[in-house]
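This report refers to the structure that appears directly beneath it.
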Amino acid sequence: MTSVAVVGAGISGLVAAYRLRQALGPAATITLVEAAERIGGKLRTVPLADGVIDIGAEAFVGRRPEVPALLAELGIADQLVHPAGLRPLVWAGGALHPLPTETLMGIPSGRAAVEGLVDDATLARIDAEPATPLRWDRASDIDVGSLVAERFGEQVVRRSVDPLLGGVYSGLSSSIGVRAALPTLAAALDSGASSLTEAVRLALPPPLAGPVFGGIRDGYAVLLDALLAAADPVLELGMTVRSIERIGTSWQLEPLGSFDGVVLALPAQTIGRLLAVVAPAAASAAAAIPLASSALVALALPAGADLPQHSGVLVATGESLRAKAFTFSSRKWPHLAERGVALVRASFGRYGDSVADTGDADLIAAATEDLATVTGVSVTPTDAVVQHWSGGLPQYLPGHLDRVDEIESGLADLAGLEVAGAFLRGVGVPACISAGSAAAARLLAAVH
Ligand SMILES: Cc1cc2nc3c(=O)[nH]c(=O)nc-3n(C[C@H](O)[C@H](O)[C@H](O)COP(=O)(O)OP(=O)(O)OC[C@H]3O[C@@H](n4cnc5c(N)ncnc54)[C@H](O)[C@@H]3O)c2cc1C
């Protein structure tokens, strides 16, 4: 295999290109095709207040090894940073509350987890839940919101599960399936847990010795640039791949030409369109994975703006705010605190709403006003950046893993064509790194 194309220069595609270069050596031609005029996809680092800030992903989960391992491999391990350890708050019922503890993505393991956040009637339901017979169908999937609402009540969904789990997917827990999003919970229920409380306790991971999150000191751009340099591809920016066709054992990409192997590292809907002819079953499974749009506003606040000593605020659903979350970046990250400027990221938009379509000036105004409501910090920002993420995150609806199986089995006989991306088995950066590596390995195994 001497000529391969990776389509999509997000983190999944960049990692695939890098792994292919490692395996194929300097003689192979690796073409990296990207529709936008920049690499990175949902990762983007921009200037703000005499420094930079990430306005897509800003962190990664500390339990997964992929990002630190990749940084070390690329010789930039000194870029690894960790948060200060402050906890976020939850805005619910028009007031701030501590973030629940001992939960599985917001699903409580008992009343102590959410005491103070939910009302007494809800606490009584949580107390009674272990003795209430549980119906669980091992053969099907259900959305997390319905499961939790039935067992613990709506307030737990809106005040705890939506802010935590929903935040990861830019969705609501009613649009997220248990099996893909919470596989350990599904496994506990499949193995016969008699209540949701018991299943959560079985599924809770052991306490983490190290930090819960990591980040990159000078932004994700540093990782993207290092991957690009190591992959050393022919980079085609501003080029949209419009179709893919099999000709003999080669793959013809329009408008690029013919390749021995191709990795499509694209959003689900694009994969659905491109595969419609060569792999119709995989294409329709990919097209059935919807995308949620969101928007992010990064604010620099004037000197003296005194943010709470917390890492941010998650907003419960049903509140009268427009923002769904705030990160107090300069409180959360010691390396950003060093800049001496109060930095805030405000997030907007959930699956099914159109908040992310709001214009930039209105989003900045909404971020500033909502920040004043939740923190009392009422200031005019000195600088602001807005990023719209149209179709930013795939929704793992109930049955998501079946769709992924259909995509994978629909491609199984097509040697030389692989897919990677956030729509498969995890939306986070570590999962995308893993998906990019796995796609490259499959391609090499099939045609090398
Ligand atoms: C606002 C936001 C915050 C997030 N926060 C975090 C976080 O803190 N931690 C975390 O772990 N994860 C986070 N995520 C998730 C994570 O950033 C993404 O899931 C991940 O970056 C997706 O990478 P990807 O390479 O699979 O896809 P993408 O980044 O979407 O890359 C796909 C690329 O394909 C290109 N493309 C599309 N169509 C074509 C075509 N026809 N031809 C050529 N190119 C094409 C696109 O322009 C894009 O660059 C966040 C996501 C968002 C939106």
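The values are calculated or read from the model by the stated rules, or taken from the named source; none is laboratory data. Since the structure is predicted, the reported quantities are computational estimates derived from the model, not experimental observations. For neighbour counting, all protein chains shown are included, and Cβ atoms are generated from backbone atoms with ideal geometry for every residue, glycine included. Just so you know, the surface numbers come from the protein's heavy atoms only, side chains and all, with ligands and any DNA or RNA stripped out. Shrake-Rupley method; radii C 1.70, N 1.55, O 1.52, S 1.80 Å.
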Two decimals is fine: what's Rg over Rh for segment 1-115, C-alpha atoms, Kirkwood radius as Rh?
-> 1.11
Considering only the other residues whose Cβ falls under 13 Å of the Cβ of Gly210, what net charge follows from Lys and Arg at +1 and Asp and Glu at -1?
-> +2
Dipole check, segment 345-448, charges on Cβ (K,R +1; D,E -1), about Cα centroid: among Phe348, Ile407, Thr380 the Cα furthest to the positive pole belongs to Ile407
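How much area per residue is accessible in the chain when the probe is 1.4 Å and only protein heavy atoms are counted (Å²)? Numbers along the way, then the final one.
Values: 17740 Å² over 448 residues.
On a per-residue basis, 40 Å².
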Along the Cα-to-Cβ line of Glu102, 7 Å from the Cα, sits a label point; which residues in segment 114-136 have backbone N less than 17 Å from it?
-> 114-118, 123-131
Separation between Cα centres of segment 238-293 and segment 164-182, rounded to whole Å = 27
How many Å³ per residue does the convex hull of the Cα positions in segment 103-203 occupy?
-> 78
Which GluC sites (Glu not before Pro) does segment 39-141 hold that lie in a coil by DSSP with at most 16 other beta carbons within 10 Å?
-> Glu102
Distance in nm between label sites at Arg201 and Asp218, each 7 Å beyond Cα in the beta-carbon direction?
-> 5.0
About the Cα centre, charge dipole magnitude for the chain (Lys/Arg +1, Asp/Glu -1 at Cβ), debye | 420
Pick out which of Gly215, Gly359, Gly426 has the largest mean-square fluctuation in a Gaussian network model of the chain, springs linking Cα atoms closer than 10 Å.
-> Gly359
Give me the number: length gained by fully extending Ala77 to Ala372, i.e. 0.36 nm times residue separation minus the C-alpha to C-alpha distance, one decimal in nm.
-> 102.5 nm
Where does the chain land on Rg/Rh, using Cα atoms and the Kirkwood Rh?
-> 0.98
Counting pairs of alpha carbon atoms under 8 Å apart in space and at least six apart in sequence, what relative contact order in percent does the chain give?
-> 25
Among Leu185, Ile247, Ala265, the residue whose Cα sits farthest towards the positive end of the charge dipole of segment 172-282 (+1 at Cβ of Lys and Arg, -1 at Cβ of Asp and Glu, taken about the Cα centre) is Leu185
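Please return the longest range in the chain lying between exposed loop sites, taking trypsin sites (Lys or Arg not before Pro), DSSP loop only, at most 10 other beta-carbon atoms within 10 Å, and leaving the sites out.
In short, 139-448.
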For segment 103-203, which whole-number percentage of the solvent-accessible area (1.4 Å probe, protein heavy atoms only) is attributable to carbon and sulfur atoms?
-> 52
Any helix of the chain counts here only if DSSP assigns it H throughout, its Cα atoms span 24 Å or more along the axis, and its mean Kyte-Doolittle hydropathy is at least 1.0, and such helices are 429-447
